[in-house]
Every structure is written in structure tokens, then in C-alpha cells.
Amino acid sequence: MKMRSGAALFSLLLLAAGPAVFAEWGTWEPRSSGPTADTTSSGPEKKNIDEYIKLLRENVRQQTAQITGAVMELSPEEAKKFWPLYEEYQAELIKLNDARIQNLKSYASNFAQLTDEKADQSIKEDLNLRKQRDDLLARSYERVKQSLGAGTAARFLLIESQLQSIVDLQLDSVLPIGG
């Protein structure tokens with residue numbers, strides 16, 4: 001029963017996260033030879049779009065936390081231990097995701113003019129940021145395990161791994177790959 005309700009809640013996250021991740025990229029078309037975003041947007045329009053994206057990301061983070069809490073099914077005592085660890089994890093994850101998005105935006109916006117050296121540099125940076133994210137998850141797993149046990153830590157790791165897989169798939173799907 002617990003697994004079914006957790007799976008249903010997790011499915012809701014899939015539906016909620018998709019539009020916000022794509023909002024990160026403006027109006028780009030998936031797998032085109034480059035971005036199609038209007039580069040003539042004025043300063044105030046760009047600022048409004050950036051603020052809208054920021055609000056969408058905050059909303060997705062809130063929904064993610066709510067779904068994580070529902071799937072984790074923590075007792076009140078466990079919740080007191082878990083949520084501070086989760087908030088620390090999320091604060092570090094946000095920084096890594098912001099850096100990754102900036103790197104991928106740069107790659108995509110310069111795709112038509114990329115030299116082999118620049119492409120290699122961008123992809124190596126993406127791999128480095130993914131490794132940092134995996135290291136962060138491993139450290140957070142250990143902290144949750146020490147505080148709440150291996151079973152709870154495993155649920156946390158699996159939830160976060162699935163979320164990051166979804167984010168990776170969505171981000172990668174809008175990157176130009178040539179053609």
C-alpha cells in the first residue's frame with residue numbers, strides 16, 4: 001500500500017516538474033541546431049522572463065519537497081531530523097543546478113560557433129557538475145543514514161536519484177545535437 005501511494009505521488013511530480021524545467025530554456029525547440037529564443041528582447045522583458053523562471057523553479061522546489069515528504073512517510077520524530085538535512089542538501093543542489101544550467105545555456109546559445117575545444121570544455125564542465133551532484137547525494141545519504149538509518153536513507157537516495165534523472169532527461173532533450 002505504501003509503495004502504491006508513493007508511486008502515485010511521484011507520478012504527480014513528473015507532471016509538475018516538466019513545464020518548469022523547460023521554462024529554464026525559454027522558447028527553445030528540442031534538439032534543433034540552436035536556440036530559437038528571441039534575442040531582441042529588451043532589458044525589462046528579459047528581466048520579467050527571468051523573474052518568471054525564478055518563480056517556476058521555486059514552485060517546483062516546493063512541490064518536490066512536498067512529494068518527497070509524502071513518499072518518505074516520516075514520523076514526526078523522523079521529520080525533525082530529516083528536514084534540516086534535506087534543506088542543506090537542497091541549498092547545495094540549487095547552486096550546482098544553477099551552474100549546470102548556465103553552462104548548458106552557454107553551450108546551446110553558442111552551438112553553431114563551437115570549436116572542438118569549446119565543446120569539450122562545456123561537456124567536461126557538465127560532467128564535473130554531475131559528479132559534484134552525485135558526490136553531494138552520497139554525502140547526504142550518509143548523513144541521513146547516520147541520523148535515521150539505512151532504510152530511510154535509501155528511500156531518500158532513490159527519490160532524489162529519480163528526480164535528478166528526470167531533470168537530466170529534460171535538460172538534455174532540449175540541447176542541440178547537430179544536424
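Within the range 96-117, is even one residue of a type in the set (A, V, I, L, M), closer than 23 Å to Val71 by Cα and part of a helix (DSSP H, G or I)? No.
Tell me yes or no: at least one residue of the range 73-83 is surrounded by fewer than 16 Cβ atoms within 10 Å (Cβ to Cβ) and assigned to a loop (DSSP other than H, G, I, E, B). Checked the range 73-83: at least one residue is surrounded by fewer than 16 Cβ atoms within 10 Å (Cβ to Cβ) and assigned to a loop (DSSP other than H, G, I, E, B).
Among the criteria (1) among the small types (Gly, Ala, Ser); (2) under 15 Å from Ile94 (Cα atoms); (3) surrounded by fewer than 18 Cβ atoms within 10 Å (Cβ to Cβ), the one Ala154 does not fulfil is (2).
In the range 66-93, the residues that are in contact (Cβ under 8 Å) with a residue 60 or more places away in the chain form Cβ pairs under 6 Å with partners that are part of a loop (DSSP other than H, G, I, E, B), at six or more places apart or across chains, as follows: Phe82/Leu74.
Residue count for the range 87-108, restricted to those that are crowded, with 16+ Cβ neighbours inside 10 Å and more than 15 Å from the chain's Cα centre (by Cα): 2.
Return yes when Arg139 is more than 15 Å from Thr68 (Cβ to Cβ), over 14 Å from the mean Cα position of the chain (by Cα) and assigned to a helix (DSSP H, G or I) and no when it is not. Walk me through how you get there before you give the answer.
Values: more than 15 Å from Thr68 (Cβ to Cβ): yes; over 14 Å from the mean Cα position of the chain (by Cα): yes; assigned to a helix (DSSP H, G or I): yes.
Here the answer is yes, as Arg139 does meet what is asked.
Read-outs throughout are calculated quantities, based only on the coordinates presented, and are distinct from any laboratory measurement. On a predicted model such as this, the values are computed, not experimentally measured, just so you know. Neighbour counts are summed over all protein chains in view; Cβ atoms, including those assigned to glycine, are modelled from backbone coordinates with ideal geometry.
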